[in-house]
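Each remark here refers to the structure printed beneath this line.
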Amino acid sequence: MMERVRGLVELTRPINAVAASVLTFIGAFVAVGWSLQTPQVVAAVVATGFATGAGNAINDYFDREIDRINAPDRPIPRGAVSPRGALVFSVGLFLAAVAFTLALLPLPAIAIAVFNLLALVTYTELFKGLPGVGNALVAYLGGSTFLFGGAAVGAIEPTVVLFLLAALSTLAREIIKDVEDVAGDREEGLNTLPIAVGEGQSLGLAAALLVVAALASPVPYLLGTFGVAYLVAVVPADLVMLYAGYEGFGDPTAGQSHLKYGMFLAAAAFVVGRAAALV
């Protein structure tokens, strides 16, 4: 029983689920500062955590054969959770996310949530194997946590730049991760970007996306949205992400892992920028 419970928790990728919830909170904070409507923010944060966990669980359900090659220690391949159990668990988490969303959030946030839930459910079966398309969908989903947070408090516009920068960085990370997973994806017959155009070209595209994101990161400062504090805070994030893109050519696993740290530093820079603007 304990192994099964542990397996169910692992299916959600709890660190990723919590991280997504934090990003939703950041989106709300960037949008309105300290003028946060507590019930709406709590509902958005909790719904994000449940939806992310559900998406990860359903992804493991559909990817169970690929994971026997790429990640045999995951709950389904190692036998901790049955495929049916993972599917039922995922549905339960999706329903919980829907309940929190419909109960307390405004219409724009509900629209984002409905689209995202459909994308999470259909990603593996319909989009993951299409070169670049699955990566773009995951990039949108990653960046949309900020949009969702802003929509939850009725101010989506201030989060648009943050969404775009996060989507670019996430797209780069997903491409690097596909290079890491080439063996299992090829065995399963998926036509991911590295398989379709080559690993070198894919890593080059990922690096180019990170350069674009780094060059675009000063935009909130140039537009006068944030001051110098943001600019100072975002530079280390840019450097970490650029290094991760370079590192990916030699070690995709380390590159995509370090890129995640850079993305969180970038999100923190927006928090710094908003906080400084409120002083």
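Please tell me if residue 196 is more than 30 Å from residue 275 (Cα to Cα), small (Gly, Ala, Ser) and free of Cβ contacts under 8 Å to residues at least 40 places away in the same chain. Spelling it out, it is not the case that residue 196 is more than 30 Å from residue 275 (Cα to Cα), small (Gly, Ala, Ser) and free of Cβ contacts under 8 Å to residues at least 40 places away in the same chain.
With respect to residue 113, is the statement that it is of a type outside the set (Val, Ile, Thr), under 17 Å from the mean Cα position of the chain (by Cα) and surrounded by fewer than 24 Cβ atoms within 10 Å (Cβ to Cβ) true?
no
Where helices (runs of 4 or more DSSP H) sit wholly within segment 162-279, those with at least 3 residues that are hydrophobic (A, V, I, L, M, F, W, C) occupy 193-197, 199-216, 228-247, 252-278. Once segment 31-53 is narrowed to residues that are over 18 Å from the mean Cα position of the chain (by Cα) and part of a helix (DSSP H, G or I), the residue that is modelled with the lowest pLDDT is 38.
Given the conditions (1) part of a helix (DSSP H, G or I); (2) modelled with pLDDT under 90; (3) not aromatic (Phe, Trp, Tyr), which single one is not true for residue 141? Condition not satisfied by residue 141: (2).
Condition first: touching a residue at least 40 places away in the same chain (Cβ under 8 Å) and either more than 17 Å from residue 11 (Cα to Cα) or touching a helix residue (DSSP H, G or I) at 6+ places or on another chain (Cβ under 7 Å) (or both). Now tell me which residues in segment 77-97 satisfy that. If the condition is that a residue be touching a residue at least 40 places away in the same chain (Cβ under 8 Å) and either more than 17 Å from residue 11 (Cα to Cα) or touching a helix residue (DSSP H, G or I) at 6+ places or on another chain (Cβ under 7 Å) (or both), then 80, 81, 86, 89, 90, 93, 94, 96, 97 are the ones that fit.
Looking at this structure, is residue 259 out of contact with any strand residue (DSSP E or B) (no Cβ under 8 Å at 6 or more places or on another chain), crowded, with 24+ Cβ neighbours inside 10 Å and under 30 Å from residue 33 (Cβ atoms)? Taking the combined requirement at face value, the residue satisfies it. The residues of segment 229-256 that are surrounded by 17 or more Cβ atoms within 10 Å (Cβ to Cβ) and either over 21 Å from residue 26 (Cα atoms) or small (Gly, Ala, Ser) (or both), listed by number, are 229, 233, 237, 242, 244, 245, 247, 248, 252, 255, 256. The criterion of being surrounded by 19 or more Cβ atoms within 10 Å (Cβ to Cβ), farther than 21 Å from residue 91 by Cβ and in contact with a helix residue (DSSP H, G or I) (Cβ under 8 Å, 6 or more places away or on another chain) does not hold for residue 11. Against the conditions (1) surrounded by 15 or more Cβ atoms within 10 Å (Cβ to Cβ); (2) out of contact with any helix residue (DSSP H, G or I) (no Cβ under 8 Å at 6 or more places or on another chain), residue 208 satisfies every one except (1). The set of residues in segment 98-138 being at negative phi, touching a helix residue (DSSP H, G or I) at 6+ places or on another chain (Cβ under 6 Å) and not in a helix (DSSP H, G or I) consists of 105, 128, 131. Condition check: within 17 Å of residue 17 (Cα to Cα), among the aliphatic types (A, V, I, L, M) and modelled with pLDDT under 95. Does residue 114 satisfy that? Here the answer is no, as residue 114 does not meet what is asked.
The residues listed here are 199, 174, 180; of these, the one that is among the charged types (D, E, K, R) and over 21 Å from residue 60 (Cα atoms) is 199. If the condition is being surrounded by fewer than 21 Cβ atoms within 10 Å (Cβ to Cβ), of a type in the set (A, V, I, L, M, F, W, C) and free of Cβ contacts under 8 Å to residues at least 60 places away in the same chain, then segment 43-70 contributes only 46.
Is one or more of the residues making up segment 6-17 under 23 Å from residue 140 (Cβ atoms), under 15 Å from the mean Cα position of the chain (by Cα) and in a loop (DSSP other than H, G, I, E, B)? Looking for residues that are under 23 Å from residue 140 (Cβ atoms), under 15 Å from the mean Cα position of the chain (by Cα) and in a loop (DSSP other than H, G, I, E, B), one finds at least one in segment 6-17, hence yes.
The values are calculated or read from the model by the stated rules, or taken from the named source; none is laboratory data. The shown structure was predicted, so the numbers you read here are calculated from the model rather than taken from an experiment. Every residue, glycine among them, receives a Cβ derived from its backbone with ideal geometry; neighbour counts consider all protein chains shown.
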